[in-house]
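Taking it in order: structure first as structure tokens, then the write-up.
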Amino acid sequence: MYDVKILVAEDDLRQRKALVRWLEKAHFGDVDEAGYGREAIRKIGENLYDIIIADKNMPEEEGVNEDKEYGIEILKYSKARNPDTEVIIITAY
């Protein structure tokens, strides 16, 4: 088992749950999830993560259909908060 704290930020529920299940099954430690950009930013402000896996394009919050490049915002915010956090940006495009 690895002792790491991971955040999966992905708006597609199926993709997010698949990533979370895979990480938990592989015993990668504590895995949090966020379905919207603002939720991810809030969680990063409240926790120190070792690894963040973030969708490049995701909506700001629930009910907002317009995708934004929140993965880039997550990268900038997490690195400002903790430069040692590894951030992996994913996209379907």
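Determine if segment 57-77 includes at least one residue that is open to solvent by less than 80 Å² (accessible area, probe 1.4 Å) and among the basic types (Lys, Arg). No, the conditions are met nowhere in segment 57-77. Summed over segment 1-22, residues that are in a loop (DSSP other than H, G, I, E, B) and more than 13 Å from the chain's Cα centre (by Cα) total 4.
Just checking, does segment 41-50 include any residue being assigned to a loop (DSSP other than H, G, I, E, B), without any contact (Cβ under 8 Å) to a residue 40 or more places away in the chain and not aliphatic (A, V, I, L, M)? No - not one qualifying residue is present in segment 41-50. You will find that of Asp55, Asp84, the residue that is closer than 15 Å to Ile6 by Cβ and modelled with pLDDT under 95 is Asp55 and no other. Scanning segment 42-56 for residues that are surrounded by 18 or more Cβ atoms within 10 Å (Cβ to Cβ) and of a type in the set (A, V, I, L, M, F, W, C) gives Ile44, Ile51, Ile52, Ile53, Ala54.
For segment 55-69, the criterion of being part of a helix (DSSP H, G or I), on the phi < 0 side of the Ramachandran plot and within 10 Å of the chain's Cα centre (by Cα) is met by no residue. Taken residue by residue, segment 23-34 has no member that is assigned to a helix (DSSP H, G or I), free of Cβ contacts under 8 Å to residues at least 12 places away in the same chain, open to solvent by 80 Å² or more (accessible area, probe 1.4 Å) and within 17 Å of Ile90 (Cα to Cα).
The values are calculated or read from the model by the stated rules, or taken from the named source; none is laboratory data. Predicted, not measured: the structure shown is a model, and the values here were computed from it. No Cβ is skipped: glycine too gets one built from the backbone with ideal geometry, and neighbour counts run over all protein chains shown. When the accessible area is computed, the model is the full protein with side chains, heavy atoms only, and any ligands, DNA or RNA have been set aside. Shrake-Rupley method; radii C 1.70, N 1.55, O 1.52, S 1.80 Å.
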